[in-house]
């Protein structure tokens, strides 16, 4: 499965070339990829390269191996490029940076509302009027993440930029633990997978007396595991497990962040 780390890796490799270009060029390159990649949604193209670059699909399918590209590269490379450009504004004085973040966030949110309302471009799945107002809102917000459409990125990056504006003068006390995790994001990301898997194994032993399902993934329909009978929990339980994982990871992240402050080993820069 060519997923998050695959896309991040190629985005960073691309960025290693972009950093030698003027900031405006990097910004325009990223914006062009984000805004323009949906132009090819209706293109009837197939093949491994197309799956890698634009539309999720099977790259290799043999009796021995199946390779599936779940995170096409073009939009994520665009997000990486504009993210790198946005980072440059933190060299500005706060009196200039904060108004810029506020304006940019509002423009992105407004752009999402207008483009989504027009229902012409920006997402392969247009919104459809529903029987109730609540379902209409859900249809309006139901944009495509794989690959991330222009509208998906507007509706997520816009509020994210507004959040950066809101905390620019100082992080509220309740959010300070998030700063610790933010200092070691890849460490958190890599470690939370085995923790979740261990929790799933323990749950299987408690419920079924066996955990063999957690180690069976014979095809794409059963990725990343084969669900045992009756598997699944309500949304509140899922949120509770999510909160537990984040809290359980915090002491480890705090330890590793302190280690990075004390030492300057080259390998630490990659986590």
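Where a number appears in this text, it was derived from the coordinates with a stated rule and is not lab data. Everything quoted here is computed from the prediction, not taken from an experiment. As a convention, Cβ positions derive from the backbone with ideal geometry for all residues, glycine included, and neighbour counts pool all protein chains shown.
Computed quantities for the displayed model
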read-out: Principal axis dimensions, the stretch 141-211 - Cα atoms, whole angstrom, descending; value: 51, 33, 20
read-out: Kirkwood Rh in Å, taken over the stretch 76-154 so that all alpha-carbon pairs contribute; value: 14.3 Å
read-out: nm² value of the averaged projected area, convex hull over the Cα atoms of the chain; value: 19.0 nm²
read-out: Rule-of-thumb Rg ratio for the stretch 33-96 [Cα; 2.2 N^0.38 Å; N residues]; value: 1.60
read-out: Radius of gyration and maximum dimension Dmax of the stretch 1-152, Cα, Å; value: 17.8, 60
read-out: Cα pair count fraction exceeding 19 Å, expressed as % - the stretch 177-229; value: 43 percent
read-out: Relative packing of 224-235, 152-163, which averages over residues the other C-beta atoms within 10 Å, highest first; value: 152-163, 224-235
read-out: Net lengthening on full extension, residue 117/residue 162 (0.36 nm per residue, minus Cα-Cα); value: 14.1 nm
read-out: Kirkwood-type radius of the stretch 175-270, with distances r between different C-alpha atoms, in Å; value: 15.5 Å
read-out: The chain: calculated mean residue ellipticity at 222 nm from DSSP helix runs of at least 4, using -39500 (n - 2.57); value: -19500 deg cm²/dmol
